[in-house]
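Asker: Take this structure, written in structure tokens, and hold onto it; I'll ask about it next.
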Amino acid sequence: MPVSGLGPYDTNNVFARILRGEIPCRKVYEDDHALAFHDIAPRAPIHVLVIPKTPYVSLADFATTAPPEAVAGFFAAVANTAKTLGLEQPGYRILANMGAHAHQEVPHFHVHLFGGRPLGPMLIEDWSGSI
Ligand code: AMP
């Protein structure tokens, strides 16, 4: 089920439970700011989730209320995760779903990191509207 992305923060969401060690994960990278682990339902040969260790519902929440050093540390962790996975040379894609239209399902801010094959165009080309 998509969530609004606007909170309040649900301390029982699945990523909060992973951070507390209540649910296992396949860890890829960890530092003071972030934890990265394999997505349970991968959409690419490499599909990893990077989450801040502190509770923010979505990008909207994280980007506007987290301390600047937490934001910088988080995005450095995303890049370090990609480097750990050997994705710098071939390239990779990051994506963050915010709210219902983006189909955000877990209300703890996270970045999806995709790689391991050419990823094609940014979105499925099924939109025929105009700008
Ligand atoms: P989003 O739609 O952006 O909120 O993405 C949530 C992602 O979390 C989905 O790709 C799920 O497959 C993934 N996910 C849900 N539960 C787990 C879990 N226990 N371990 C790893 N990934 C999970």
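Asker: Taking the condition assigned to a loop (DSSP other than H, G, I, E, B) and either more than 17 Å from Asp32 (Cα to Cα) or open to solvent by less than 30 Å² (accessible area, probe 1.4 Å) (or both), does Leu113 pass?
Answerer: The answer is no for Leu113.
Asker: Ok, one more. Looking only at region 29-40, which residues are open to solvent by 60 Å² or more (accessible area, probe 1.4 Å) and more than 9 Å from the ligand (Cβ to nearest atom)?
Answerer: Correct list: Glu30, Asp32, His33.
Asker: Let me confirm something: among Arg17, Arg26, Arg43, which residue is within 16 Å of the ligand (Cβ to nearest atom), of a type outside the set (S, T, N, Q), free of Cβ contacts under 8 Å to residues at least 12 places away in the same chain and open to solvent by 40 Å² or more (accessible area, probe 1.4 Å)? Outline the logic, then answer.
Answerer: Details: Arg26 fails: free of Cβ contacts under 8 Å to residues at least 12 places away in the same chain; Arg43 fails: free of Cβ contacts under 8 Å to residues at least 12 places away in the same chain.
Result of the check over Arg17, Arg26, Arg43: Arg17.
Asker: Okay, next question. Select, from His112, His103, His108, the only residue that is within 12 Å of the ligand (Cβ to nearest atom) and touching a helix residue (DSSP H, G or I) at 6+ places or on another chain (Cβ under 8 Å). Give the derivation first.
Answerer: Working: His112 fails: touching a helix residue (DSSP H, G or I) at 6+ places or on another chain (Cβ under 8 Å); His103 fails: touching a helix residue (DSSP H, G or I) at 6+ places or on another chain (Cβ under 8 Å).
When all the criteria are applied, what remains is His108.
Asker: Within region 82-101, how many residues are in contact with a strand residue (DSSP E or B) (Cβ under 9 Å, 6 or more places away or on another chain) and not basic (Lys, Arg)?
Answerer: Residues meeting the conditions: 12.
Asker: If you don't mind, another one. If you scan region 49-80, which residues turn out to be open to solvent by less than 20 Å² (accessible area, probe 1.4 Å), of a type in the set (A, V, I, L, M), in contact with a Phe, Trp or Tyr (Cβ under 7 Å, 6 or more places away or on another chain) and within 13 Å of the ligand (Cβ to nearest atom)?
Answerer: Within region 49-80, Leu49, Ile51, Val57 qualify.
Asker: Condition first: within 16 Å of the ligand (Cβ to nearest atom), closer than 20 Å to Asp10 by Cα and over 14 Å from the mean Cα position of the chain (by Cα). Can you find one or more residues in region 89-100 that meet it?
Answerer: Among the residues of region 89-100, at least one is within 16 Å of the ligand (Cβ to nearest atom), closer than 20 Å to Asp10 by Cα and over 14 Å from the mean Cα position of the chain (by Cα), which makes the answer yes.
The values are calculated or read from the model by the stated rules, or taken from the named source; none is laboratory data. Note that the structure is a prediction, hence the values are computed from the model and not measured. Heads up, the Cβs are rebuilt from the backbone with ideal geometry, glycines too, and the neighbour counts pull from every protein chain shown. Side chains are part of the model used for accessible areas, which takes the heavy atoms of the whole protein and leaves out ligands, DNA and RNA. Shrake-Rupley method; radii C 1.70, N 1.55, O 1.52, S 1.80 Å.
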